[in-house]
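What follows is calculated from the coordinates using simple rules that are stated; it is not laboratory data. Remember, predicted model here, so these are calculated numbers, not experimental data. All Cβ positions, glycine included, derive from the backbone under ideal geometry; neighbour counts span all protein chains shown.
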Ligand code: SAM
């Protein structure tokens, strides 16, 4: 029986056999620690009833651990050079389906419908390419896919921003965008030494448990998210200054002030002090005039 793909020795053998050279531009930092990989899979509460979706299987290190626990694994890999390698490394796992696809271009609803089935217990598990972490996560969340959870290894600093609570230095529009769709928590921090090649930054495993319903109801979601981004335009500025700029209301500062008052929010506060509930009230109040 073969050793796990992710041992340093076997990874080296696989890479050398295929003459594979890493592409930094594709965020290729492969994991060489089976313990960490198992912990990632465990954080997804994967059982034989679970269909796992992986983004960026690389040479199959995480894919293999997912395959040992899951009913099926569907893996999307952008780099054509990895397909013959994956065919070989994952040959013991017939319930793994590797698709050559850029996840950002993928029609994920159709892929789930055609390849997996919408009614399955479904999780995304991945060691994400760091150069596109945020767009990938926002795509997975905003498209409202039928997922139970998303478990991803990402840059530690980004994980902290996503899971941050109001009033902390890391709290911002990304925290709210993600926490609107999911409960976020960091489950593990990971040193650089478990990757080849080693990245410049530390990493963390983030778990997003998808909510059935958002924690706040707003009149218009797109307006809500735009207002939040506007409120964090310049972190050191007050809500008033940021919103005046956001709504291009220099001549009309008093109206921005009175809408804040109507929402019961002091316009001298900074965006980072507002809870999601407060942003929801603010958004609905401003929507009446600026929506
Ligand atoms: N899962 C492997 C592991 O843990 O060792 C590799 C993880 S590596 C950080 C990221 C992987 O994502 C690479 O295999 C890379 O080619 C792939 N990738 C990069 N951009 C992608 C995209 N837009 N869509 C799909 N895969 C992508």
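A few comments on the model shown:
- Output for the range 1-20, where each listed residue is in contact with a strand residue (DSSP E or B) (Cβ under 9 Å, 6 or more places away or on another chain), assigned to a helix (DSSP H, G or I) and buried (at least 16 other Cβ atoms within 10 Å of the Cβ): 11, 15
- Here 236, 209 are screened, and the one residue that is part of a strand (DSSP E or B) and out of contact with any helix residue (DSSP H, G or I) (no Cβ under 9 Å at 6 or more places or on another chain) is 209.
Condition check ((1) crowded, with 23+ Cβ neighbours inside 10 Å; (2) within 12 Å of the ligand (Cβ to nearest atom)) across all residues:
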position: 22; (1), (2): no, yes
position: 33; (1), (2): no, yes
position: 43; (1), (2): no, no
position: 58; (1), (2): yes, yes
position: 72; (1), (2): no, no
position: 86; (1), (2): no, yes
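- Listed by position, the strands (runs of 3 or more DSSP E) enclosed by the range 81-198 that each have at least 1 residues that are touching a residue at least 40 places away in the same chain (Cβ under 8 Å), within 19 Å of the chain's Cα centre (by Cα) and within 23 Å of residue 69 (Cα to Cα) are 121-127, 149-155, 182-190.
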